[in-house]
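Asker: The structure is given below, and queries will be raised subsequently.
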Amino acid sequence: MLANLVPDNNKPTMVYLNLGYRITGKDAISLEFKTWKYAWPIGIPFGKSFEAEGEGFPGYIREYGVSLSYYRFLWKGLFAQVDVMPAFQTFVNDNGNKIDNGFQIFNTYSIGYHIKFFKDRLFFQPSIAITHRPYQSTMPDSFKQVDDRWSRFFFGQPGLHFGFNF
């Protein structure tokens with residue numbers, strides 16, 4: 001995950017494994033195993049509040065989930081994707097102590113382009129997405145107070161997937 005390499009005060013320490021299957025020439029599905037952490041609400045838009053001092057959680061949230069994705073190739077390499085992920089959460093305070101567990105459903109709606117190399121053995125998929133949290137279980141109050149100030153949607157999430165086809 002390239003975002004793990006970016007010098008940042010909110011590194012995702014993300015691990016991500018995607019196993020997909022092309023159903024037809026235009027349709028694909030995948031299972032994606034993911035874990036990451038974040039210290040700011042997901043709905044903060046890019047701008048002055050994004051990862052700003054005073055806008056973060058009093059600690060961080062670590063998530064573990066398995067998502068189901070559906071890709072539809074629309075025209076040449078252009079695709080649309082819907083990803084639904086139930087995720088288990090661990091809430092950790094500023095001292096590094098676990099204070100609670102939670103659960104959320106996290107959806108991603110993307111549009112992007114599939115770029116092929118070496119007869120589609122290697123590919124890159126730049127995309128742009130809307131992320132959405134339709135369900136969030138109870139959070140610790142200190143996290144909820146921060147999270148409630150922001151939307152459950154994030155518009156303009158950039159993406160860059162790359163991989164190998166076997």
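Readers should treat all values here as calculations from the given coordinates under stated rules, not as data from a laboratory. These numbers were taken from a predicted model, which means no experiment stands behind them. In this analysis, Cβ positions are derived from the backbone assuming ideal geometry, glycine residues included, and neighbour counts consider all displayed protein chains.
Asker: What does the extension gain come out to for Leu160 and Leu68, with contour length at 0.36 nm per residue minus their alpha carbon separation?
Answerer: 31.3 nm
Asker: Something else now. Give me the extension gain from Trp75 to Phe46: residue separation times 0.36 nm, minus the current Cα-Cα distance, reported in nm with one decimal.
Answerer: Fully extending the segment from Trp75 to Phe46 adds 7.4 nm.
Asker: So how strong a dipole does the chain carry about its Cα centre when Lys and Arg Cβ are +1 and Asp and Glu Cβ are -1, to the nearest 20 debye?
Answerer: The calculation lands at about 740 debye.
Asker: Report the per residue volume, in Å³, of the convex hull enclosing the C-alpha atoms of the chain.
Answerer: 119 Å³
Asker: Continuing with this model, one more query. Could you work out how far the C-alpha centroid of the stretch 74-98 sits from that of the stretch 103-166, in angstrom?
Answerer: The stretch 74-98 and the stretch 103-166 have Cα centres separated by 6 Å.
Asker: A further question follows. Using the 10 angstrom Cβ neighbour count as an exposure proxy, how do Lys116, Lys34 rank, fewest first?
Answerer: With the sparsest Cβ surroundings first, the list reads Lys116, Lys34.
Asker: Further question: Sort Ile42, Ile111 by Cβ crowding within 10 Å, fewest neighbours at the top.
Answerer: Taking fewest neighbouring Cβ atoms as first place, the list is Ile111, Ile42.
Asker: Something else about it: Under 30 Å from the Cα of Lys76, which lysines turn up, not counting those fewer than eight places away in the same chain?
Answerer: Answer for Lys76, where 30 Å is the Cα cut-off: Lys26, Lys34, Lys116, Lys119, listed by chain and number.
Asker: Over the stretch 90-132, what is the mean sequence separation of C-alpha contacts under 8 Å (at least six apart), divided by residue count, expressed as relative contact order in percent?
Answerer: It comes to 32 percent, rounded to a whole number.
Asker: Related question: Could you work out the helix-only [θ] at 222 nm for the chain, with each DSSP H run of four or more residues adding -39,500 (n - 2.57) and the total divided by the number of residues, to the nearest 500 deg cm²/dmol?
Answerer: One gets -1000 deg cm²/dmol as the mean residue ellipticity at 222 nm.
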